[in-house]
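The values are calculated or read from the model by the stated rules, or taken from the named source; none is laboratory data. Here the structure is a predicted model, which is why all the values come from computation and not from measurement. Please note: Cβ atoms are built from the backbone with ideal geometry, for glycine as well, and neighbour counts cover all protein chains shown.
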Amino acid sequence: MSELRPETRVVHPPQPPVEHSRPITMPIYQTSGFVFDDPAVMADAMGRPDGPFVYGRYSNPTVRALESAVSGLEGGVAAFATGSGMGAINTVLFGLLKPGDHVIAQKSLYGGTAATLNDLTARFGVTVTYVDEADPGAVREAARPETRMLYLETISNPMTLVADLPGMCAAARELGLVSVVDNTFASPVLCRPIEHGADIVVHSTTKYLSGHTDVVGGLAVFRDHELHEKVWHHSTVLGASADPFPAWLTLRGMQTLALRMERHCSNARLLATRLAEHPAVTAVHWPGLPSHPSYEVAGKLLPDFGGVFSFDLAGGRAAGERFMKSVRLALLAPSLGGVETLTLHPATTSHRSLDAEALARFGIGEGTVRIAVGIEHPEDLWADIEQALAD
């Protein structure tokens with residue numbers, strides 16, 4: 001199936017073989033463990049990620065089908081699924097970093113990731129240097145003997161800055177660093193970071209991959225088997241493993257991923273373009289706009305620019321609160337990537353753990369509002385936004 005395009009691969013995820021025939025959709029293996037006849041086979045299964053199924057914390061046929069499907073989409077060799085996106089991120093970070101290590105990360109990050117990096121600094125002395133997401137030279141300048149990792153987001157949350165993945169990952173490889181890319185906002189339909197040099201790709205499968213606001217999950221995809229096995233062993237001890245039913249829901253949702261992403265992106269284009277001309281808005285942060293700082297990088301890296309954007313209101317926090325109280329079709333709720341449009345205030349929600357200095361470094365203002373655009377009719381969404389801005 002490696003020659004198939006992503007739009008086809010999402011419809012036909014791999015399944016474990018069944019003699020003579022197979023089910024059209026992947027079954028849910030709702031069991032905590034598996035029975036063995038041979039103790040040696042069982043012992044071997046508990047020591048490697050590709051062995052027979054033994055216990056739900058290690059893997060499960062439904063979960064492995066999801067891991068294989070996303071790994072194939074991303075161009076990786078293996079993956080492991082977790083109970084949340086932060087489960088995947090923390091498993092990778094805690095599995096690869098030790099006290100005294102140094103991480104280079106891009107300036108604009110998801111608040112949960114920034115909070116984890118701050119926690120690693122406070123508890124274990126892991127230091128972090130923040131650099132521009134499109135400046136490979138800054139990676140080389142920031143590197144130290146104790147530097148171990150470069151951490152990036154394909155499209156950053158919430159300011160939608162696009163990382164120069166080829167340049168940044170090449171710099172990491174020159175320096176012997178592990179490059180980790182959060183590809184949640186782009187999905188494998190818009191970008192496959194391993195093709196641009198990344199070593200590990202992480203996802204919150206809660207978002208676009210599942211696509212229906214009914215799943216919490218995460219996943220990490222690996223370029224090579226050695227790195228996957230190293231972090232997998234840590235994952236079995238950490239216990240952030242995925243449950244088979246959410247994994248099954250994610251597999252089901254992924255089959256419409258390509259269609260949904262096309263609508264998310266086209267709706268975002270219409271809304272972002274109109275908001276950029278609205279007198280109540282001082283800036284719109286969507287990489288498909290020529291005014292966006294990542295416009296050129298995004299045009300080279302992405303076929304389209306995603307379904308999430310932020311905008312700044314002239315009236316600051318008061319205007320943002322009025323807007324979010326006034327929208328009727330768009331819902332005030334966390335998360336993104338579902339079929340419905342969601343809005344939130346990053347400074348007090350997704351990035352609430354950051355102080356004023358960190359918020360300023362990330363470019364998040366008091367009047368910044370994030371819109372995760374759904375698949376509704378775009379004119380209905382615009383009518384809702386327009387009336388909310390008029391209140």
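Out of the helices (runs of 4 or more DSSP H) lying entirely within segment 183-276, which hold 2 or more residues that are of a type in the set (Ser, Thr, Tyr) and over 24 Å from HIS12 (Cα atoms)? Give the steps one after another, and end with the answer.
On the way: elements: 187-190, 225-238, 244-254, 257-275.
Ranges flagged: 225-238, 257-275.
Hey, does segment 105-117 have a residue that's closer than 24 Å to PRO290 by Cα and touching a Pro at 6+ places or on another chain (Cβ under 9 Å)?
yes
Given the criteria modelled with pLDDT under 95 and assigned by TED's automatic domain parsing to the domain that holds PRO61, does LYS107 qualify?
For LYS107, the condition - modelled with pLDDT under 95 and assigned by TED's automatic domain parsing to the domain that holds PRO61 - is met.
Residue by residue, here is whether (1) buried (at least 22 other Cβ atoms within 10 Å of the Cβ); (2) assigned to a helix (DSSP H, G or I) holds:
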site	(1), (2)
SER21	no, no
VAL35	no, no
GLY47	no, no
LEU66	yes, yes
SER71	yes, yes
GLY76	yes, no
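Can you report the number of residues in segment 78-89 which are β-branched (Val, Ile, Thr) and outside any helix (DSSP H, G or I)?
Residues of segment 78-89 that are β-branched (Val, Ile, Thr), as a first pass: 82, 89.
Checking the rest, the ones that are also outside any helix (DSSP H, G or I) come to 82.
Counting residues in segment 78-89 that are β-branched (Val, Ile, Thr) and outside any helix (DSSP H, G or I) gives 1.
State which residue is surrounded by the fewest Cβ atoms within 10 Å (Cβ to Cβ) when the search covers only segment 78-99 and only residues that are within 20 Å of ASP224 (Cα to Cα) and among the small types (Gly, Ala, Ser).
Of segment 78-99, the ones within 20 Å of ASP224 (Cα to Cα) are 78-82, 88-97.
Pick out the ones that are also among the small types (Gly, Ala, Ser) and you get 78-79, 81, 88, 95.
Details: ALA78: 21, ALA79: 28, ALA81: 30, ALA88: 31, GLY95: 18.
So, considering only residues that are within 20 Å of ASP224 (Cα to Cα) and among the small types (Gly, Ala, Ser), the one surrounded by the fewest Cβ atoms within 10 Å (Cβ to Cβ) is GLY95.
Restricting to segment 131-158, name every residue that is surrounded by 24 or more Cβ atoms within 10 Å (Cβ to Cβ), under 21 Å from the mean Cα position of the chain (by Cα), closer than 21 Å to HIS196 by Cβ and not acidic (Asp, Glu). Don't jump to the end; show me each part of the working.
Within segment 131-158, the first condition is being surrounded by 24 or more Cβ atoms within 10 Å (Cβ to Cβ), and the residues that meet it are 133, 139, 150-158.
Retained after the next criterion (residues that are under 21 Å from the mean Cα position of the chain (by Cα)): 133, 150-158.
Imposing the further condition that a residue be closer than 21 Å to HIS196 by Cβ reduces the set to 133, 150-157.
Of everything in segment 131-158, those that are surrounded by 24 or more Cβ atoms within 10 Å (Cβ to Cβ), under 21 Å from the mean Cα position of the chain (by Cα), closer than 21 Å to HIS196 by Cβ and not acidic (Asp, Glu) turn out to be LEU150, TYR151, LEU152, THR154, ILE155, SER156, ASN157.
Run ALA163 past the list (1) touching a helix residue (DSSP H, G or I) at 6+ places or on another chain (Cβ under 7 Å); (2) among the small types (Gly, Ala, Ser); (3) modelled with pLDDT of 95 or more and report the number of the one that doesn't hold.
(1)
May I ask you to list the residues in segment 222-243 that are of a type outside the set (A, V, I, L, M, F, W, C), farther than 19 Å from TYR55 by Cβ and more than 19 Å from the chain's Cα centre (by Cα)?
ASP224, HIS225, GLU226, LYS230
Does segment 278-301 hold any residues that are surrounded by fewer than 20 Cβ atoms within 10 Å (Cβ to Cβ), part of a loop (DSSP other than H, G, I, E, B) and not small (Gly, Ala, Ser), and which are they?
Residues satisfying the conditions are HIS278, PRO279, PRO290, PRO293.
Looking at (1) on the phi < 0 side of the Ramachandran plot; (2) β-branched (Val, Ile, Thr); (3) not assigned by TED's automatic domain parsing to the domain that holds ILE364, which is the one condition that is false for THR213?
(1)
Exactly one condition in (1) surrounded by fewer than 24 Cβ atoms within 10 Å (Cβ to Cβ); (2) among the acidic types (Asp, Glu); (3) out of contact with any Gly (no Cβ under 7 Å at 6 or more places or on another chain) is false for GLU195; which is it?
(3)
Go through segment 90-130 and give me each residue that's closer than 20 Å to ALA142 by Cβ, charged (D, E, K, R) and in a helix (DSSP H, G or I).
The answer is none; no residue qualifies.
Can you confirm whether segment 121-130 contains a residue that is surrounded by fewer than 18 Cβ atoms within 10 Å (Cβ to Cβ), within 25 Å of TYR58 (Cα to Cα) and in the same structural domain as LEU161 (by TED's automatic domain parsing)?
no
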